[in-house]
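The values are calculated or read from the model by the stated rules, or taken from the named source; none is laboratory data. Quick caveat: nothing in here was measured; it's all calculated off a predicted structure. With ideal geometry, Cβ positions are generated from the backbone for all residues, glycine too; neighbour counts draw on all protein chains shown. Areas reflect the complete protein model, heavy atoms only, side chains present, ligands, DNA and RNA absent. Shrake-Rupley method; radii C 1.70, N 1.55, O 1.52, S 1.80 Å.
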Amino acid sequence: MTNTEMMKGAKFNKNGVGAARCPITQVPKPAVTRPDEVLIRIEAVSICGTDVRALADPPAFDFVDGIIVGHEGCGIVEAVGSDVSNCKVGDKVVVHPNIWCGKCPSCRTGHINLCENFRHIGDRIDGAMAEYLCIEERMVYVIDSKVPSHIAALAEPLACVLNGTTTLPAHPGDEVVVLGGGPIGLIFAMLYKAMGAHVTVSEPGEYRRALALALGADEVINPKETDLEAALRAYAPQGADLIVDAVGVMLPTAIQIAKKGARIAVFGVNQTATVNIPQYPITEKELTIRGTYITKGTFPLAVKIIESGIIPIDKLVTHRLPLEQLLDGIELMVKGTAGKVVIEI
């Protein structure tokens, strides 16, 4: 009997407290066992808001106990199965973490982001916050080797936001308001700015308001100190053409500041919150409200955007930390004193 090869990984402990909630420990190294699999030596993984919520005490997002966390990964292909043709050993790749089944009614009608049998890496099965990840070829996308891995790791959140911006695009001159200046809200702001919109970011945190301006936002507003609607209508009297709820609880505010005929993208996820929604203005203003969930066919576009440098997404990464400082990175994001925190393996 041969000894199992081991590697470092961040393993979720549902009952742990503090550092014991996600210790860096030795875990079995995965290996290619099927002809369609790819073994990736992970170089960088960015921390997602779901990681922050799952590692909170008490947790606000459900992870399976004992799994390796992390799903926004980039690395180098180390081995491939015999049927793999879209990448080769030595390629730099990014990972699509939401493994759709391809068999359920949602998948069979093209809605792979609504799969009824998802296997999400990093919360349902082992993820990328480790030295190696083995995953099916269809979940892997090659990216130019010249792109630094800590930037390439942003392909997954960018692809998710692109699902929203391609569904609800802005037009040049549109008045866009992004509610929430966390990493996702800031990616929305960058993309809509690139489309020619006038972009306002509403964010209570001083650090993130400053980052929003550095990333190209035209206006920033602190909604805790300033009446958002009054401030907006001072330069956009009719209200906003397009509003993004990047928080998950801001739909009533979005409806309030919306122009007649406006569109609202609901992206933020908060499983524990409920809000009271006034229905009359939705009808009276003929508003379009569109939920947008993770990524759907937008990974190739995300890769192209990162390779082109067309938006300043590199500036979104404010902290790069080793795996051993994962919980420090989580704390930075909890405090709102970081943009995107990337863990380098």
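For the Cα trace of the range 73-230, dividing Rg by the Kirkwood Rh returns an Rg/Rh value of 1.05. Once the 1.4 Å probe is applied to the protein heavy atoms, the chain comes out at 44 Å² accessible per residue.
Between the residues SER202, LEU242, GLY70, the greatest Cα displacement towards the positive end of the dipole of the chain, with unit charges on the Cβ of Lys, Arg, Asp and Glu, is found for LEU242.
Our helix-only sum for the chain, with -39,500 (n - 2.57) per DSSP H run of n ≥ 4 divided by its residues, gives a mean residue ellipticity at 222 nm of -7000 deg cm²/dmol. The orientation-averaged projected area of the convex hull spanned by the Cα atoms of the range 191-326 comes to 10.5 nm². Inter-part distance, the range 110-187 to the range 244-293, computed on C-alpha centroids, equals 22 Å.
Put simply, the range 172-270 fits an ellipsoid with semi-axes of 17, 15, 14 Å; these come from the alpha carbon gyration tensor as the roots of five times its eigenvalues, largest first.
Over 29 Å apart at the Cα level, from the set LYS11/LYS92; LYS146/LYS193; LYS14/LYS146; LYS88/LYS304, are LYS14/LYS146. Charge dipole (Cα centre; +1 on Lys/Arg Cβ, -1 on Asp/Glu Cβ; no other charges) of the range 180-264 amounts to roughly 200 debye. Computed over all pairs of different Cα atoms, the Kirkwood value for the hydrodynamic radius of the range 240-298 is 11.9 Å. I want to verify the translational diffusion coefficient of the range 27-166 in µm²/s; compute it with Stokes-Einstein, Rh as the Kirkwood radius over Cα pairs, at 37 °C and 0.692 mPa s. My calculation gives 211 µm²/s for D. Scaled against the 2.2 N^0.38 Å expected of a compact globular protein of N residues, the Cα radius of gyration of the range 204-251 reads 1.18. Global size of the chain: 20.4, 74 Å for Rg and Dmax (C-alpha atoms, Rg to one decimal, Dmax whole). Only the Cβ atoms of Lys and Arg (+1) and of Asp and Glu (-1) were treated as charged; on that basis the dipole of the chain about its Cα centre amounts to roughly 340 debye. Each peptide in 248-254, 145-151 receives the mean, over its residues, of other Cβ atoms within 10 Å, and ordering these scores from highest gives 248-254, 145-151. Cross-link partners for LYS285 among the lysines, with Cα-Cα distance under 23 Å and sequence neighbours closer than 8 places in the same chain left out: LYS259, LYS260. Projecting the Cα positions of LEU321, VAL32, ILE282 onto the charge dipole of the chain (unit charges on Cβ atoms of Lys, Arg, Asp and Glu, taken about the Cα centre) puts ILE282 furthest along the positive direction.
In this Cβ point-charge picture (+1 for Lys and Arg, -1 for Asp and Glu), the range 1-132 has a dipole of about 120 debye about its Cα centre. Each of the peptides 212-223, 178-189 was scored by the mean count of other Cβ atoms within 10 Å over its residues; in descending order, highest first, they stand as 178-189, 212-223. Determine the percent antiparallel among the DSSP beta bridges restricted to the chain, to the nearest 5. Here the antiparallel bridges make up roughly 55 percent for the chain.
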